[in-house]
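First, the structure itself, so that you have it in front of you.
The values are calculated or read from the model by the stated rules, or taken from the named source; none is laboratory data. These figures come from a predicted structure and were not determined experimentally. Virtual Cβ from ideal backbone geometry, glycine too; neighbours counted across all protein chains shown. To get the accessible areas, we keep the full protein, side chains included, count just its heavy atoms, and leave off ligands, DNA and RNA. Shrake-Rupley method; radii C 1.70, N 1.55, O 1.52, S 1.80 Å.
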Amino acid sequence: MRQRRLLVQVGVAAVLIGLLALLVNNLAVNLIRTGLGLGFGWLGRPAGFALAETALPYAPSDSYLWALTIGWLNSLKVIAAGLVLATVLGVAAGAARSSNNRLLRSLAGGYVALIRQVPLLLQLLFWYFVAFLGLPSVPIGGLIRLSNQGIQLLGLNLSVEFCAVLVGLTVFTGASIAEIVRGGINAVPRGQWEAFRSLGLGEGLGLRRIVLPQALPAILPALTSQYLNLAKNSTLAIAVGYADLYAVSDTTITQTGRAIEGFLLLLLSFLLLNLLISGGMAAFNRAVLGRLNRSR
Amino acid sequence: MNRWLDRGITLLLLALLGWAGWSMLHWLLLGADWSVVTTNLPLYAVGSFPADQRWRPLLWMAALITLTLLTLVGPKHGWLRRWLPLFWIVMAPLGLWFLAGGLGLLPVGTRSWGGLTLTLLLTGGSGALALPLGILLALGRRSDLPVLRWSSAAYIELMRAVPLIAVLFFGQLLIPLFLPPGLEINRVLRALVAFALFAAAYIAEDVRGGLQAIPPTQREAAAVLGLSPRQSLQLVVLPQALRVALPSLTNQAVGLLQNTSLMAILGLVELLGISRSLLANPAFIGRYLEVYLWLAAVYWLACTAMALLARHLEVQLDPARSAS
């Protein structure tokens, strides 16, 4: 029996290695044929393309590496803002679905049902071409100014592309988070609601202080995977011309022909991003569980 | 106090809804021009398939709709019921073969495939490839052979870390690099393979969840009855695990259909891609809202139909129901 197990494993390993060797061999043949080779020396060469939105100073004469870093920062910017806004929207919509107000409840239900059955890319295009590029130029109270050139918010200047991606990601992910929050709230025993009501606590206060904290352990793991989805989905920004990591990688690969190296860099960046998000959430999860256990 | 707040919220929502409804009505009556949709219906349905051959994709879609309705109605005849799953399995490969020029029909290159036909073919084809691959990966990840376990886990985790658009882009770019020089596969097939490789990792995790939900006593009971490990997996564990995983598999299937729209970025003219090229046409310039509303309606209908089918399947497979 043990021998058979060993034999099967060796067999599987041999097939996998064989397959890998075949692919690598084909790759080598193709690379020699196209005369490219592998290497990362090209990262230091000037990129030569302009970027519309840069968090740090950037000029086309800067290196590919710097261009990719700028793209990474742009991605980070939209992902971080999206995480916060989607959470707020999702929790609000999820809580609204168990509200006593029938109109509010059905509106939240309609929002979730509609948004989840329409592709995100289509929604992004809608926000960009219809909602934001169709904006009339209107100042609202001096501090906020909307126009199809961009949005000025208390001295903050946001590009239309950024706003479209941010709103699209927020609305789409918010609908999924709403479902998770609703599930978490439903998992809290009804007796808890009755208990805080009989203590004379208001609905809003009871939801915030009694129900949501108990729903958190059920919500957090699913929330983490939604956050990871949001990060991955932010790459669709290329469709509206926002210079995120993927868009910059795409341009870089098209210019240099370095598909494999480009893919490896993209893979590494996303592994790092995922690690950041899931690590942060794991720490938060531990803190929540610890507090909950102490309070029991 | 609380009741007044409630009334206030209701009033505010009503005012917002009224305003949205009024501007929508205003636009529908005065602003909208639906000619971009009505004059291009064939394009949305079949893409630039040659006009005299359009009956082929249309026939395939009609068959698909018939099959959906048949399944939803739930046929009473025993034989039809038994054959339905088989029909569903062969639908996508049959479509690919029929459109490419099977049965001695005029061969039509994938370049002229498009519209809803291509969207459905991509969904069905990659789903049919991804499901068995995903099940194998899930079994591999739960295997007690370390080599199998590690390689499956590595594949699943890597695939789940990358965004789909990157997988698709590199599928178009890299698959030719990894193939022997003489061998070439076309763009639609490359997209289909990349989709399947991506979806398999997610399906594997759903199936693994299902497998974990099956108590070990089931396997032990099968062993006591004299079933071999393979028989017990095939006849006892897997069917139950798949039933448990069905709701999340449905979500994957709906996601797969929605994600076919990403091929528009890479230049395939499926439903969204064909709309992008239509919107670039000077005759229809600026008609974004009409096109996007129309597309949203089509996607919404297709996704809802899929969810309904899956819900139906769940009810059918419910042991409480079949036992009675």
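Would you calculate the separation in nanometres between label points at B:Trp55 and B:Thr304, each defined as 7 Å from the Cα along the Cα-to-beta-carbon direction?
Here the modelled spin labels are 3.3 nm apart.
Right, next: Sticking with the crude label model, points 7 Å out along Cα→Cβ, report the distance from A:Ala14 to B:Glu220 in nm, one decimal please.
3.7
Just to be sure I understand the interface: list residues from the stretch A:242-279 that lose 10 Å² or more of accessible area between the chain on its own and the complete protein assembly, 1.4 Å probe.
Output list: A:Tyr246, A:Asp250, A:Ile253, A:Ala259, A:Ile260, A:Phe263, A:Leu266, A:Leu267, A:Phe270, A:Leu271, A:Asn274.
Here's a follow-up. For the stretch A:177-257, rounded, prolate or oblate, judged on the Cα gyration tensor with a ≥ b ≥ c (square roots of eigenvalues), a/c < 1.5 rounded, else prolate if a/b > b/c?
Prolate shape, in that a/c is at least 1.5 and a/b is the bigger ratio.
What nm distance separates the two modelled labels at B:Gln212 and A:Arg145, each placed 7 Å from Cα along Cα→Cβ?
5.3
Taking 51 Å as R0, compute the FRET efficiency from the Cβ-Cβ separation of B:Ala297 and B:Leu136 and round it to 0.05.
Computed FRET efficiency for B:Ala297 and B:Leu136: 0.85.
Can you compute the helix-only [θ] at 222 nm over chain A? Use -39500 (n - 2.57) per DSSP H run of at least 4 residues, normalise by all residues, nearest 500 deg cm²/dmol.
Rounded to the nearest 500, the figure is -23000 deg cm²/dmol.
On to the next question. With a sphere of radius 12 Å drawn around the Cβ of A:Asn74, what net charge do the other residues whose Cβ falls strictly inside it have (Lys, Arg +1; Asp, Glu -1)?
Every neighbour counted, the sum reads -2.
Right, another one. Just want the answer: with Cβ charges of +1 for Lys and Arg and -1 for Asp and Glu, which residue in A:Ser269, A:Leu166, A:Gly94 is farthest toward the dipole's positive end in the stretch A:41-295?
So the residue we want is A:Gly94.
Report the extension gain between B:Ala62 and B:Arg149 in nm, rounded to one decimal, defined as 0.36 nm multiplied by the number of residues separating them, less their alpha carbon distance.
Here the answer is 27.0 nm.
Further question: Order the following by accessible area, largest value first: B:Tyr155, B:Tyr299. Probe radius 1.4 Å; ligands, DNA and RNA are ignored.
Largest accessible area first, the list is B:Tyr155, B:Tyr299.
Here's another thing I want to ask about it. Can you give the net charge of the other residues whose Cβ lies under 9 Å from the Cβ of A:Ala237, counting K and R as +1 and D and E as -1?
Spelling it out: positives minus negatives among the neighbours equals -2.
Helix check for chain B. Which DSSP H runs span at least 24 Å along their own axis by Cα, with a mean Kyte-Doolittle hydropathy no less than -0.5?
B:2-26, B:55-73, B:78-100, B:115-142, B:187-213, B:238-259, B:288-317
On to the next question. Would you work out the relative contact order for chain B, in percent, from Cα pairs under 8 angstrom that are 6 or more residues apart?
Normalised by residue count, the contact order of chain B is 21 percent.
Same structure, new question: Once both axes come from the Cα atoms, what is the angle between helix A:102-116 and the longest principal axis of chain A, in degrees from 0 to 90, rounded to 10?
With both axes taken from Cα atoms, the answer is about 10 degrees.
Is the shape of the protein assembly as shown best called rounded, prolate or oblate, per the rule: a/c under 1.5 gives rounded, else a/b larger than b/c gives prolate, else oblate, with a ≥ b ≥ c the square roots of the Cα gyration tensor eigenvalues?
Judged from the Cα gyration tensor, the protein assembly as shown comes out rounded (a/c under 1.5).
Can you give the local net charge around B:Gly114? Use residues other than it whose beta-carbon is closer than 15 angstrom to its beta-carbon, Lys and Arg +1, Asp and Glu -1.
+4
Among rounded, prolate and oblate, which fits chain A when a ≥ b ≥ c are the square roots of the eigenvalues of its C-alpha gyration tensor, a/c under 1.5 means rounded, and a/b larger than b/c means prolate?
In terms of gyration-tensor shape, oblate.
Looking only at other chains, what is the average number of their beta-carbon atoms within 10 angstrom of each beta-carbon in B:163-173?
Other-chain Cβ atoms within 10 Å of each residue's Cβ, averaged: 6.
Roughly how crowded by other chains is peptide A:23-32, in terms of the mean Cβ count from those chains within 10 Å of each of its Cβ atoms?
Working: counts 4, 1, 2, 7, 4, 1, 4, 7, 1, 0.
Mean shielding by partner chains, rounded to a whole number: 3.
Under the rule of -39500 (n - 2.57) per DSSP H run of 4 or more residues, summed and divided by the residues of chain B, what mean residue ellipticity at 222 nm is obtained, to the nearest 500 deg cm²/dmol?
Taken over chain B, the calculation gives -24500 deg cm²/dmol.
Taking the highest mean first, how do the peptides A:129-137, A:238-246, A:266-274, B:249-257 order by number of other beta carbon atoms within 10 angstrom per residue? Please list the in-between numbers first.
Working: A:129-137: 15.2, A:238-246: 23.9, A:266-274: 17.6, B:249-257: 20.3.
Sorting A:129-137, A:238-246, A:266-274, B:249-257 by mean packing, highest first, produces A:238-246, B:249-257, A:266-274, A:129-137.
Taking the Cα centre of the protein assembly as shown as the origin, how large is its charge dipole in debye, to the nearest 20, when only Lys and Arg (+1) and Asp and Glu (-1) carry charge on their Cβ atoms?
Dipole magnitude for the protein assembly as shown comes out near 1700 debye.
Oh, and also: Given a cut-off of under 8 Å on Cα pairs at least six residues apart, what relative contact order in percent is computed for chain A?
20
Rounded to the nearest 0.05, what FRET efficiency do B:Leu189 and A:Arg45 give with R0 = 35 Å and r taken as the Cβ-Cβ distance? Could you check?
The computed FRET efficiency comes out at 0.50.
Need one value for A:9-16: mean number of C-beta atoms belonging to other chains within 10 Å of its residues' C-beta atoms.
Rounded to a whole number, the mean comes out at 3.
On average, how much accessible surface per residue is there in the protein assembly as shown, in Å², for a 1.4 Å probe, leaving out ligands, DNA and RNA? Don't jump to the answer; show the numbers that get you there.
On the way: 31850 Å² over 620 residues.
Heavy-atom SASA per residue in the protein assembly as shown reads 51 Å².
How high is the FRET efficiency between B:Leu70 and A:Arg4 when r is their beta carbon distance and R₀ equals 51 Å, given to the nearest 0.05?
0.65
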